[in-house]
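Notes to accompany the following structure.
No lab work stands behind these numbers, since they all come straight from the coordinates. Model, not experiment: these values are computed from the prediction. Cβ placement follows ideal geometry from the backbone for every residue including glycine, while neighbour counts extend to all protein chains displayed.
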Amino acid sequence: MRRIMVRYTVEADRVAENEALVRAVYEELDRTRPEGLRYATFRLEDGVSFVHVASVETHDGRNPLSQVAAFARFQDHIRDRVVGDPIVSGLDEIGAYRMLGEGGGP
């Protein structure tokens, strides 16, 4: 299992565009329901920073997001939307409570 977090800030005038691209990823994930992936995206309270958290739980370690067409569209021209470089960090879980559980509700 591999867990990663990506944090980045977008240009203020591109927030709506970024959110639309992210929502399209989730729409495709809802339709295709790839196995071995837990994924969440958050917009921070500054309104322009985003955090993506992914848990890849495939047998071969391949990230199912690489097969999601909407994710490829999200990544297209991302450098034009972001301020600076995205920060990618591996995560070592110490504890979690219902953080990456199934479904979107409580």
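Charged neighbours of Arg73, selected by a Cβ distance under 14 Å, balance to -4 (K, R count +1; D, E count -1).
Each of Phe42, Val6, Asn63 was placed along the dipole of the chain (beta-carbon charges, centred on the mean Cα), and the one lying farthest toward the positive end is Asn63. What does the charge add up to near Arg14, with Lys and Arg as +1, Asp and Glu as -1, over the other residues with Cβ less than 15 Å from its Cβ? Residues near Arg14 contribute -2 overall. By the Stokes-Einstein formula, at 1.002 mPa s and 20 °C, region 1-87 with its Kirkwood radius over alpha-carbon pairs has D equal to 159 µm²/s. The relative contact order of the chain comes to 43 percent, based on Cα pairs under 8 Å that sit 6 or more residues apart. Placing unit charges on the Cβ atoms only, positive for Lys and Arg and negative for Asp and Glu, gives the chain a dipole magnitude near 180 debye about its Cα centre.
Extension gain for the segment Arg38 to Thr58, taken as residue separation times 0.36 nm less the Cα-Cα distance, is 6.1 nm to one decimal. Relative to the longest principal axis of the Cα atoms of the chain, the long axis of helix 15-32 lies at roughly 30 degrees.
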